[in-house]
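Values quoted throughout were computed directly from the atomic coordinates according to the rules given, and no laboratory measurement underlies them. Remember, it's a predicted structure, so these values are computed and weren't measured experimentally. Quick reminder, even Gly has a Cβ in these numbers, built from the backbone with ideal geometry, and neighbours come from all protein chains shown.
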Amino acid sequence: MEIIKDVKAMKAYVKAIKTKGETICLVPTMGYLHEGHLDLMRMGRPLADHLIISIFVNPTQFGAGEDLDKYPRDLPRDTRLAESVGVDCIFNPEAADMYPQGYATYVNVEGITEGLCGASRPGHFRGVTTVVAKLFNIIEPDISVFGEKDYQQLAVIRRMVEDLDMNVKILAHGTVREEDGLAMSSRNKYLNPEERKNALVLNRSLKFAQDRVQSGERNAAAIKSEVEKMISSTPGCTIDYVEIVDPDLLHPLDTLETRAVMALAVRVGKTRLIDNITLTA
Ligand code: PAF
């Protein structure tokens, strides 16, 4: 397995693949890999001749006061894990190579970036779409796989790819959970044992919402209010948002008709966690 740290070298590696007419699947990550990431890689492995992952803690998607500096990093561990699922190459650039002096170009998707995480993390999706567009330009993947845990991110990337006529097929992988239901995330590492236990309220409240829909509740405000009560009565948990939205356009819904997504962001102690569920009426 190759580890490439330089944009020029990455482009040369890609050029050699493309010259042979072979295909690439890219799994973009910020590293500190967990089973959720590895499942994206396992999904991508048989779909292309070459499986490339990127490991890059992208500074442009972190706001002031967020966890850019303390975001967990462990390249030797990530390298072993990536190798174990058949990754051919890790692209691990430096921020100064991705955003050199004088860098001035950003990709901004409008509309669906404004609510949910976009409202509480201004500029976040502009950073995500910019780096993903750059990765797509450097690596020229035929396929790229993203996790559904970051539901809004997936929708925003699909929008960008369609709007900018990018030649890449976006595939989604369902949220991977720990045995007790907590959605896997590199940020789970920040939780102390007490917070780890309290964080289970995210998945519990999403399942509760699905049960309410299955027993006939169609009023989004009623479901939201019950979920908000569950979360705010859990020690150490502060709600950032609880929303029920259209699965494609992500605008808030008053009434559930066929399909909706309940998405939530909750601070457990100082750690901000997100999760979501598709609600089927
Ligand atoms: O989901 C992530 O880990 C990041 O937002 C991504 C897509 C790798 C872009 O930095």
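Quick look at the values:
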item	result
Qualifying strands (runs of 3 or more DSSP E) (wholly inside region 18-122; at least 1 residues being within 22 Å of V7 (Cα to Cα) and among the hydroxyl-bearing types (S, T, Y))	24-29, 50-55
Filter result for the condition that a residue is of a type in the set (V, I, T) and more than 13 Å from the ligand (Cβ to nearest atom), over I143, I139, I157, I170	I143
Residues (more than 15 Å from the ligand (Cβ to nearest atom) and either within 14 Å of L33 (Cβ to Cβ) or without any contact (Cβ under 8 Å) to a residue 24 or more places away in the chain (or both)) located in region 82-94	E83, S84, V85, G86
Qualifying residue in region 35-43 (condition: over 18 Å from the mean Cα position of the chain (by Cα), crowded, with 19+ Cβ neighbours inside 10 Å and under 25 Å from L171 (Cβ atoms))	no
Answer residue from region 7-65, given it is more than 19 Å from K149 (Cβ to Cβ), of a type in the set (S, T, N, Q) and in contact (Cβ under 8 Å) with a residue 12 or more places away in the chain and is nearest to the ligand (Cβ to nearest atom) among those	T60
Among (1) aliphatic (A, V, I, L, M); (2) within 14 Å of the ligand (Cβ to nearest atom); (3) without any contact (Cβ under 8 Å) to a residue 24 or more places away in the chain - the single one A133 does not satisfy	(3)
Pairs, first touching a residue at least 60 places away in the same chain (Cβ under 8 Å) and crowded, with 16+ Cβ neighbours inside 10 Å in region 223-242, second small (G, A, S) and not in a helix (DSSP H, G or I), C-beta under 9 Å, six or more apart	D240/A265; Y241/G115; Y241/A263; Y241/A265
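Results for (1) more than 16 Å from the ligand (Cβ to nearest atom); (2) among the aliphatic types (A, V, I, L, M); (3) on the phi < 0 side of the Ramachandran plot, shown as yes or no for each residue.
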residue	(1), (2), (3)
M184	no, yes, yes
R196	yes, no, yes
V201	yes, yes, yes
Q214	yes, no, yes
S225	yes, no, yes
K229	yes, no, yes
